[in-house]
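Right, one structure below, let's go through it.
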Amino acid sequence: MRAIYRLLCPFPSCDHRKQFGYGVILLLIASLSISDAADRSNRRLRTDAAFEEILDQPLLSSSARKREIQPFLKQLASERDISILIDRRIDPHRQVSATLREDYFDEGIRKIAAEIGAEVTVIADTILVGPPDSIRKLRTRIALLDDEFRASEGPPLQKLQTLRESTLVWDDFTTPRELIQNVASRYRFSITNPEIIPHDLWRSGSISDGDLIDQLTILLSQFDLTFRWGNGSEIEIVPEDEQLGIWKDHRPRTGSLAGAIGLLEKSFPRLEVAREEDHLSVFGTIEDHEQVAVMLGERPPRVRPPSQLQNDSIDNQRFTLQMVRKPFRSLLQLLEQQGLEVVFDDNQLREAGINLNQKISVTVEQVPAEELMRQASQPLGLQVRIDGRVIELFVEE
């Protein structure tokens, strides 16, 4: 469905997509000769609204140790049935903190990536982790290629076929040259100079619900490469341009144009800003334009109601934890850092001779909070009751 919207309306943003009648959309779907129904039926990855729902959920993960980024993100992706792809230029063995409490899942991934100097973006229905300079240009690079493709000559159905989404999955030890050629072939394109792609062996990965432009751009960018449209169904691989951006108009909701220019020059000194008669024309990446729009009041910031995270139940949350001879109280502190509330009666515990500083050892992998607390509190003779996000400790009388 995303392919139809992108064909009907200019990228990167469009407020008129919903104005097209569903009859037109259904007609185009009925005329489409190539379907990816088999792709969708054979995968479990969340897409479209289900994927967006995951991004808007909190990311809460508990562990008393650091973990290598590749298996940690692979576990998070597997738990939520989504695709998280780590760029080949990121060391998969770099360790990151496994203790998180973020209002949004993608912001939590961004916090993890920042620990090793990496950045995060979302393309199609895939979270990408990679070098900041490269990651921050991907969406803009895709937008320019997409715009150029739609402006080119060719039958609408042929364009629709090229923009159809599919999920790309590859195994360990896949060679990127073969993978990229296969992607082009699936969309009935050919690479004129595949030898420019360096030889390498990649870890397994996936790109969920991306079209030809999404998939090729993501794969090639890992070698600082991109592509350009050739004659007919040919694609030529070329080096990436360092300077990249698009011009977009912005209209401040409050204040003067002069005041808005001053604000942007202070906050985004690298952007080109031109004053027009009743608006500002700004040159930058898509991410730049999104931040400018929020700063000028054109769009609201992303804000979760303060109470929502605290009210979320932990029934579906899973914990991975390894503690060796650590005070029981340190576990309670760790849980509180995750937004959980731990309550107990000091007098009752004291009278029962329970010392919360008693050292415990516990190792669990993806268990509910109830099981974690049962194993951890058993040596102390404590009972546990969980209600919502409140963990109550008590002594059974």
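Annotations
- Screening region 143-171 for residues that are in contact with a strand residue (DSSP E or B) (Cβ under 7 Å, 6 or more places away or on another chain) and under 12 Å from residue 215 (Cβ atoms) and picking the one that is modelled with the lowest pLDDT gives 165.
- A count restricted to region 85-120 and to residues that are more than 22 Å from residue 224 (Cβ to Cβ) and open to solvent by less than 40 Å² (accessible area, probe 1.4 Å) stands at 11.
- Considering residues of region 65-81 that are farther than 18 Å from residue 118 by Cβ and not in a helix (DSSP H, G or I) only, the residue least open to solvent (accessible area, probe 1.4 Å): 81
- Wholly enclosed strands (runs of 3 or more DSSP E) of region 169-288 bearing at least 1 residues in contact (Cβ under 8 Å) with a residue 60 or more places away in the chain and open to solvent by less than 20 Å² (accessible area, probe 1.4 Å): 205-210, 225-229
- Residues of region 121-161 classified as more than 16 Å from residue 217 (Cβ to Cβ), within 21 Å of the chain's Cα centre (by Cα) and either surrounded by 18 or more Cβ atoms within 10 Å (Cβ to Cβ) or among the charged types (D, E, K, R) (or both), total: 0
Here's the yes/no breakdown for (1) at pLDDT 90 or above; (2) within 17 Å of residue 208 (Cβ to Cβ):
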position	(1), (2)
58	no, no
73	yes, yes
78	no, yes
81	yes, yes
99	no, no
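- Matching residues in region 296-321 - criterion: being modelled with pLDDT of 75 or more, touching a strand residue (DSSP E or B) at 6+ places or on another chain (Cβ under 9 Å) and open to solvent by 60 Å² or more (accessible area, probe 1.4 Å): 318
- Enumeration of residues in region 356-387 that are outside any strand (DSSP E or B) and either open to solvent by 30 Å² or more (accessible area, probe 1.4 Å) or of a type in the set (Ser, Thr, Tyr) (or both): 357, 358, 370, 371, 374, 375, 377, 378, 379, 381
The values are calculated or read from the model by the stated rules, or taken from the named source; none is laboratory data. Since we're looking at a predicted model, the values are computed, not measured. Note that each Cβ is placed from the backbone with ideal geometry, even for glycine, and that neighbours are counted across all protein chains shown. These area figures cover heavy atoms from the full protein model, side chains too; ligands, DNA and RNA do not enter into them. Shrake-Rupley method; radii C 1.70, N 1.55, O 1.52, S 1.80 Å.
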